[in-house]
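These notes concern the structure reproduced below.
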Amino acid sequence: MTKTITYKRPVFRVLSRRVAEPRRFIQAVTGPRQAGKTTLVRQLMEETGTGHYASADEPAPKNRLWIEQQWEAARIATLKQPRRKGTLILDEIQKIPNWSETVKILWDNDTAKRVNLHVIILGSSPMLIQKGLTESLAGRFEIIPVRHWSYPEMKDAFGWGFEQYLYFGGYPGSVSLINDQQRWRRYIFDSLIETTVSRDVLLMVRIDKPALLRRLFELGCLYSGRILSYQKMIGQLQDAGNTTTLAHYLDLLKGSGLVTGLQKYAGQAVRQRASSPKLLALNNALMTAMSHLSYDEATRNGEFRGRLVETAVGNMLANNIVGKDMELYYWAERNREVDFILARGDEIVAIEVKSGRARTALPGLELFTRTFPVKKKLLVGTEGIPLDEFLSMDVEVLMK
């Protein structure tokens, strides 16, 4: 597991460049649990030889006084070395009520006194971090998104092949457990799913129907890669909820890096939130863990493996457009479907995935291109771009 510590992800270079710049910004490093945010900043501290790290993710509750104490400790260390920039790293800061107001006061005081302290805040709840930043820290911050580990990263760090990534997904903390699949599945449930839902969502945001949120997550994994109307969801969930509640809960699950619901592409027309979303697990490990199929069973099951392939393509696109001026959709009309639509302004790329699974709708690229101006039409899989090659691509390249 030493590679987990020594391997430096591409996002590490982005963060280290930002910290080295002369202009001061609060760097907000956000992303799902177990994506390596803490490892990232510890690597930065090792490389620079400076930094004060503190985490609010501890049993004892933290408050605004705790932030002030950690800030003062970093200030003292910085003033001892006036020619070097100090670094303060506050992890899981969203757990502290009104954290952004305190950070604003301390940051502005340092700015007025020319204290050369660089501040990095980390959080596994991007939606709450974003809320605090925009409400109190406008003009003072920059977001650096840390995404789920990609196929090239798991390959480079751990020597994984495509089939391993397809089943076990991109959680580096689970690598040592894959030879004991029951233990691996418990890790995914206990350390990732339960922690994210119970701590990052239910304890942070008011949820009127927590059981509905949990069942919606399960449904998102079990139906990943499928279009499912909200009315059908309500029937599957056996709950008298409404479409607005489900759409809101899907947004919360997306913000936590678990599941998203892609909207149908409609060009410049107003998109209705009530339109049927295409459910998508944002890490293949979530889908396979919920399926209870073993690695061998999933590999032999052509229908399930096909859905794994489509999910891997979808979450590669969804994860890699975070922080970029792009949107991801699907399209369907008259029993015709285009798996994914990548859009940036008026530029759109239509992506069809040939996964081998039985389809309920016919390919719709031809009909789609008669309706909308398409920059590129891509086929991924058999007779198209090889799957492992596509999962290694940069989404920016797809738009060129």
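The values are calculated or read from the model by the stated rules, or taken from the named source; none is laboratory data. Here the structure is a predicted model, which means the values were calculated and not measured. Quick reminder, even Gly has a Cβ in these numbers, built from the backbone with ideal geometry, and neighbours come from all protein chains shown.
Suppose we filter region 377-395 for residues that are touching a residue at least 40 places away in the same chain (Cβ under 8 Å) and at positive phi; how many remain?
Qualifying residue count, region 377-395: 1.
Taking region 20-36, which residues are part of a loop (DSSP other than H, G, I, E, B), at pLDDT 90 or above and in contact with a strand residue (DSSP E or B) (Cβ under 8 Å, 6 or more places away or on another chain)?
Passing the criteria: only GLY31.
Results for (1) in contact with a strand residue (DSSP E or B) (Cβ under 7 Å, 6 or more places away or on another chain); (2) farther than 16 Å from GLY306 by Cα, shown as yes or no for each residue.
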residue: GLY323; (1), (2): yes, yes
residue: VAL380; (1), (2): yes, no
residue: PRO386; (1), (2): no, no
residue: GLU396; (1), (2): no, yes
residue: LYS400; (1), (2): no, yes
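Go through THR48, THR39, THR78 for me and flag whichever is at negative phi and in contact with a strand residue (DSSP E or B) (Cβ under 6 Å, 6 or more places away or on another chain).
Numbers: THR48 fails: in contact with a strand residue (DSSP E or B) (Cβ under 6 Å, 6 or more places away or on another chain); THR39 fails: in contact with a strand residue (DSSP E or B) (Cβ under 6 Å, 6 or more places away or on another chain).
Exactly one of THR48, THR39, THR78 is at negative phi and in contact with a strand residue (DSSP E or B) (Cβ under 6 Å, 6 or more places away or on another chain), namely THR78.
If I ask for residues that are over 19 Å from the mean Cα position of the chain (by Cα) and either surrounded by fewer than 20 Cβ atoms within 10 Å (Cβ to Cβ) or polar (S, T, N, Q) (or both), which ones from region 306-331 would you list?
GLY306, the sole residue that qualifies.
A quick yes/no check of all residues on (1) in contact with an Asp or Glu (Cβ under 8 Å, 6 or more places away or on another chain); (2) hydrophobic (A, V, I, L, M, F, W, C); (3) part of a helix (DSSP H, G or I):
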site: LYS8; (1), (2), (3): no, no, no
site: VAL14; (1), (2), (3): no, yes, yes
site: ARG18; (1), (2), (3): yes, no, yes
site: VAL41; (1), (2), (3): yes, yes, yes
site: LEU44; (1), (2), (3): no, yes, yes
site: PRO59; (1), (2), (3): no, no, no
site: GLU68; (1), (2), (3): no, no, yes
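Against the definition (under 24 Å from GLN34 (Cα atoms) and among the hydroxyl-bearing types (Ser, Thr, Tyr)), how does THR48 come out, yes or no?
Values: under 24 Å from GLN34 (Cα atoms): yes; among the hydroxyl-bearing types (Ser, Thr, Tyr): yes.
The answer is yes for THR48.
Among the numbered conditions (1) of a type in the set (Gly, Ala, Ser); (2) crowded, with 21+ Cβ neighbours inside 10 Å; (3) without any contact (Cβ under 8 Å) to a residue 24 or more places away in the chain, tell me where GLY139 comes up short.
Failing condition for GLY139: (2).
What number of residues in region 86-103 are more than 12 Å from ILE129 (Cβ to Cβ) and crowded, with 19+ Cβ neighbours inside 10 Å?
As a first pass, look at region 86-103 and keep what is more than 12 Å from ILE129 (Cβ to Cβ): 86-89, 97-98, 101-102.
Checking which are crowded, with 19+ Cβ neighbours inside 10 Å leaves us with 86-89, 102.
Residues that pass the stated criteria total 5.
Considering each of ASP200, ASP190 in turn, give the residue that is surrounded by 20 or more Cβ atoms within 10 Å (Cβ to Cβ) and assigned to a helix (DSSP H, G or I).
Among ASP200, ASP190, only ASP200 is surrounded by 20 or more Cβ atoms within 10 Å (Cβ to Cβ) and assigned to a helix (DSSP H, G or I).
For region 15-41, how many residues are touching a residue at least 24 places away in the same chain (Cβ under 8 Å) and either of a type in the set (D, E, K, R) or closer than 12 Å to GLU142 by Cα (or both)?
The qualifying residues number 12.
Regarding GLY257, is this residue modelled with pLDDT of 90 or more, in contact with a His (Cβ under 7 Å, 6 or more places away or on another chain), on the phi > 0 side of the Ramachandran plot and not in a helix (DSSP H, G or I)?
Taking the combined requirement at face value, the residue satisfies it.
Mind listing whichever residues of region 49-81 are more than 19 Å from TRP107 (Cβ to Cβ), in contact (Cβ under 8 Å) with a residue 12 or more places away in the chain and either of a type in the set (Asp, Glu) or loosely packed, with under 13 Cβ neighbours inside 10 Å (or both)?
Matches in region 49-81: ASP57, GLN81.
Hand me the list of helices (runs of 4 or more DSSP H) wholly inside region 78-184 holding 1 or more residues that are among the polar types (S, T, N, Q) and assigned by TED's automatic domain parsing to the domain that holds LYS62. Spell out the reasoning first.
On the way: elements: 99-113, 126-136, 151-158, 162-168.
Once the helices (runs of 4 or more DSSP H) in region 78-184 are filtered for at least 1 residues that are among the polar types (S, T, N, Q) and assigned by TED's automatic domain parsing to the domain that holds LYS62, what remains is 99-113, 126-136.
Have a look at ARG305, ARG336, ARG300 and point out the one that is without any contact (Cβ under 8 Å) to a residue 12 or more places away in the chain and either under 25 Å from GLU383 (Cα atoms) or of a type in the set (Gly, Ala, Ser) (or both). Walk me through how you get there before you give the answer.
Details: ARG305 fails: without any contact (Cβ under 8 Å) to a residue 12 or more places away in the chain; ARG336 fails: without any contact (Cβ under 8 Å) to a residue 12 or more places away in the chain.
So the residue among ARG305, ARG336, ARG300 that is without any contact (Cβ under 8 Å) to a residue 12 or more places away in the chain and either under 25 Å from GLU383 (Cα atoms) or of a type in the set (Gly, Ala, Ser) (or both) is ARG300.
Within region 166-187, is even one residue of a type in the set (A, V, I, L, M, F, W, C), buried (at least 21 other Cβ atoms within 10 Å of the Cβ), over 20 Å from THR288 (Cβ atoms) and touching a residue at least 40 places away in the same chain (Cβ under 8 Å)?
no
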